[in-house]
Amino acid sequence: MTEGNNSISRTTKLEEKDYKWGFTTEVDTEVVPKGLDEQVIRFISKKKSEPDWLLEWRLKSFKHWENQGLKSGEPSWSMINYPTIDYQDIHYYAAPNSANNPKSLEDVDPEMLEAFEKLGIPLEERAQLAGVAVDAVFDSVSVATTYEKQLKELGIIFCSFSEAVKNHPDIVKKYLGSVVPYSDNFFANLNSAVFSDGSFIYVPPGVRCPIELMTYFRINTADTGQFERTLIVADEGSYVSYLEGCTAPIRKSSQLHAAVVELIALGDAEIKYSTLQNWYPGNKEGEGGVYNFVTKRGKCAGKKSKISWTQVETGSAITWKYPSVILQGDDSIGEFYSVALTNNHQQADTGTKMIHIGRNTKSTIVAKGISAGKGNNTYRGQVKVLPSAENASNFTQCDSLLIGDKCGAHTVPYIEVKNPSAKLEHEASTSKVSDDQLFYLMQRGLNEEEAHHMIITGWSKEVFKELPFEFAVEAGQLLKVSLEGAVG
Amino acid sequence: MQLGKLLTIENLVASVTETGEKIIKDVSLSIGYGETHVIMGPNGGGKSTLVNVLAGRSSYTLDSGRIDFESNNLISMTIDERARAGVFMAFQYPSEIPGVRPWQFLKAATDSHRKSEGLPEYSVRDFSKIYDSNLKEIGIDSELMKRSLNDGFSGGEKKRNEIFQMMMLKPKLALLDETDSGLDVDALKAVGNAVNKLRDDRRSFLIVTHYQRLLDHVKPDFVHILIDGKIVESGNHKLVKKIESSGYESFS
């Protein structure tokens, strides 16, 4: 009897509609021709009226990339596959024309403001209501900042990287490349040569930043590589929480994104860095989508300092990202909380590195990977305890959740201990959303997608609870949107 | 469909999806509005299978037969459609859902029911009021509900939580799958009281049990004995006494 097939399978069709942030804006854009050579770097530097030392640094980076990076090629140890990237087929600079020197919101291109509206960015009044200061990066040039005054009174500097170069060159010069050297890896090296813009934060000694600082990144010009550069310095005894949320419009060909983020926490300082990454993942066949090769690293430079990374990665065709902490100061703490979701043909190879150098240093890693469709999810993490790190401890928890039977989850932990007093714990689990759990929730009236979503959000809770509240809600929504069509 | 019936099962045959083993061999049963039916029988007779099939569990396959729920063909409905139409099952072994708070879960469940009835969602305030008062009535410590759903709940606490959910969702048909197993005297009484309080001329119950003890609190209208996938005898509550005194052997 045909109608008697009493099973929970109920197909759900997925259309392109799903990437609801897929739109582009018509803004005059100044684009440098495709390709990369010394001239392009000089052009970028000149466009930004940079001082000589920075141009020299860029050129030094470029030379290293050209001579060594290109020869040895991109890192090949990660579990990701993508077509060869032609680095001469990329625009290395794009700036919205009318946004070159906005004095206030009125000077900002209305279309751009509209784009922010669509993204739901709380710029204008909404920003104030939400208590959020926004340094909005539209392609490469920072177009508007709010809350600047209030922060200024506290001595907190929150501006675009380019402005920081102009107005606070000493701090930039002191810390740029101090955590991620220009020669660090292929992509960081490229970024050091061509970086466009990004955020800069300095929190003076003893100041606790009263609001969450927030930046939205958005890749908007076709085939424009984005090379953000972010630098956050928390001086002695200070605290700052920084949020980064990302969306990008649908594009046919893949887009390269190679950012570098450096964090420095001095003695007793704390930096909390949260990311929601929702770039275009490509279509169901795996075409298009952002290639996200990011180097994020923090240095707990001073005693009792703390750096905490929280990330929810749902977007991009490829995610290659290992936010790390160098635990240099005694009693310093490093944390990494991550939920990475791959659906359809998405690939993520992500994790962290905790490098214990100081005494009594402590690190915590909670990494959760969700694989659906044909997605491939790899956790790659390194815990390294150097001989100097007396009484270091690490706790690592890696959980994988599989949805369907065509996806993959992999866990690749590297542990290197050179001090016998170290205490390391590693827990790992792989699970599937069980039919019993689904049946239970659906028996109470939730439909299949809602039931999946509730189970997955619950499973991710340990990470979500590390996010600021509004972000946690948004993160739940992102998982939901990203998983549409993955169940059924 | 007979007038005045909430549920009508005709010649139901069902098997285990994975193995194909037939569990329900031929069951016909109809439940009128406001009636409380009890199914008793030895282990493996198909009691739990029957209620799970009614709820739509995919580990069982319906081979033939017909199930009408009000004017709907229940078989063609998904699990959640059945739930929203008013079929509730109190689980024998409720799942643990890590990271999901009971409150959050029940709010979502309640909202889904209200939405399908064309009603607005409860405000957090209104919902909490109903939630708290039902919680108190069934005797669940509110501290327990700060944990993840069923996570670290004792057997008895899980059962109380099932009945609590029934009180919240107010189903048309409540299927109680061995809710009384593993309950102490107090919990049994609380469950019995909750069921009795919900009984009215519209709401029906199908209670699966091994024991008479719940039936001391909840007096059924009909009792059926299910052995080897077939209902071998039906009667009123006096049938329970007969089972207690002479076991199932006299029926087979």
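The values are calculated or read from the model by the stated rules, or taken from the named source; none is laboratory data. Because the structure is a prediction, the values reported are computed rather than measured. Note: ideal-geometry Cβ built from the backbone for every residue, glycine included; neighbour counts use all protein chains shown.
Laid out as a table, the results:
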{"read-out": "Filter pass, residue B:219 being in contact (Cβ under 8 Å) with a residue 24 or more places away in the chain and surrounded by fewer than 20 Cβ atoms within 10 Å (Cβ to Cβ)", "value": "yes"}
{"read-out": "Subset of segment A:278-301 that is in a strand (DSSP E or B) and within 23 Å of residue A:76 (Cβ to Cβ) - its residue that is modelled with the lowest pLDDT", "value": "A:290"}
{"read-out": "Scope segment A:378-395; condition free of Cβ contacts under 8 Å to residues at least 40 places away in the same chain and assigned to a loop (DSSP other than H, G, I, E, B); matching residues", "value": "A:386, A:387, A:388, A:390, A:391"}
{"read-out": "Boolean, residue A:304 is outside any strand (DSSP E or B) and either among the aromatic types (Phe, Trp, Tyr) or at pLDDT below 95 (or both)", "value": "no"}
{"read-out": "Scan of segment B:139-166 for residues that are crowded, with 21+ Cβ neighbours inside 10 Å, within 13 Å of chain A (Cβ to nearest Cβ) and either without any contact (Cβ under 8 Å) to a residue 60 or more places away in the chain or β-branched (Val, Ile, Thr) (or both), ordered by number", "value": "B:149, B:150, B:164"}
{"read-out": "First in segment A:433-453 and facing chain B (nearest Cβ under 7 Å), second anywhere and of a type in the set (S, T, N, Q) and not in a loop (DSSP other than H, G, I, E, B), Cβ under 6 Å, 6 or more apart", "value": "A:445/B:112; A:446/B:112"}
{"read-out": "Members of segment A:396-412 found to be away from chain B (no Cβ under 14 Å), in a strand (DSSP E or B) and surrounded by fewer than 17 Cβ atoms within 10 Å (Cβ to Cβ), listed by number", "value": "A:408, A:410, A:412"}
{"read-out": "Extreme residue, farthest from residue A:77 (Cα to Cα), among residues of segment A:202-234 that are at pLDDT 95 or above and assigned to a strand (DSSP E or B)", "value": "A:208"}
{"read-out": "Search result, residues across segment A:449-472 that are in a helix (DSSP H, G or I), under 18 Å from the mean Cα position of the chain (by Cα) and either under 15 Å from residue A:435 (Cα atoms) or not small (Gly, Ala, Ser) (or both)", "value": "A:463, A:464, A:470, A:471"}
{"read-out": "Test: residue A:466 is away from every other protein chain (no Cβ under 11 Å), within 25 Å of residue B:103 (Cα to Cα) and charged (D, E, K, R)", "value": "yes"}
{"read-out": "Condition check for residue B:86: surrounded by 20 or more Cβ atoms within 10 Å (Cβ to Cβ) and either at positive phi or without any contact (Cβ under 8 Å) to a residue 12 or more places away in the chain (or both)", "value": "yes"}
{"read-out": "Qualifying position, being in a strand (DSSP E or B) and either under 22 Å from residue A:190 (Cα atoms) or over 18 Å from the mean Cα position of the chain (by Cα) (or both), among A:330, A:268, A:349", "value": "A:349"}
{"read-out": "Unmet criterion (only one of (1) surrounded by fewer than 21 Cβ atoms within 10 Å (Cβ to Cβ); (2) within 10 Å of another protein chain (Cβ to nearest Cβ); (3) among the β-branched types (Val, Ile, Thr)) for residue B:31", "value": "(2)"}
{"read-out": "Residue A:461, sole failed condition from (1) out of contact with any Gly (no Cβ under 7 Å at 6 or more places or on another chain); (2) basic (Lys, Arg); (3) facing chain B (nearest Cβ under 8 Å)", "value": "(1)"}
{"read-out": "Residues satisfying the stated conditions in segment B:7-21, i.e. over 15 Å from residue B:68 (Cα atoms) and at the interface with another protein chain (Cβ under 10 Å from one of its Cβ atoms)", "value": "B:14, B:17"}
{"read-out": "The lone exception for residue B:79 - which of (1) within 19 Å of the chain's Cα centre (by Cα); (2) at pLDDT below 95; (3) not hydroxyl-bearing (Ser, Thr, Tyr) it fails", "value": "(2)"}
{"read-out": "Any hit, segment B:207-227, residues being basic (Lys, Arg) and either within 14 Å of another protein chain (Cβ to nearest Cβ) or touching a Lys or Arg at 6+ places or on another chain (Cβ under 8 Å) (or both)", "value": "no"}
{"read-out": "Matching residues, segment B:50-73, being in contact (Cβ under 8 Å) with a residue 60 or more places away in the chain and more than 8 Å from every other protein chain (Cβ to nearest Cβ)", "value": "B:50, B:51, B:52, B:54, B:67, B:68, B:69, B:70, B:71"}
{"read-out": "Subset tally (residues that are under 24 Å from residue B:31 (Cβ atoms), touching a Phe, Trp or Tyr at 6+ places or on another chain (Cβ under 8 Å) and either more than 7 Å from every other protein chain (Cβ to nearest Cβ) or modelled with pLDDT under 95 (or both)) for segment B:87-114", "value": "1"}
{"read-out": "Breaking point among (1) assigned to a helix (DSSP H, G or I); (2) surrounded by fewer than 22 Cβ atoms within 10 Å (Cβ to Cβ); (3) at the interface with chain A (Cβ under 7 Å from one of its Cβ atoms), for residue B:136", "value": "(3)"}
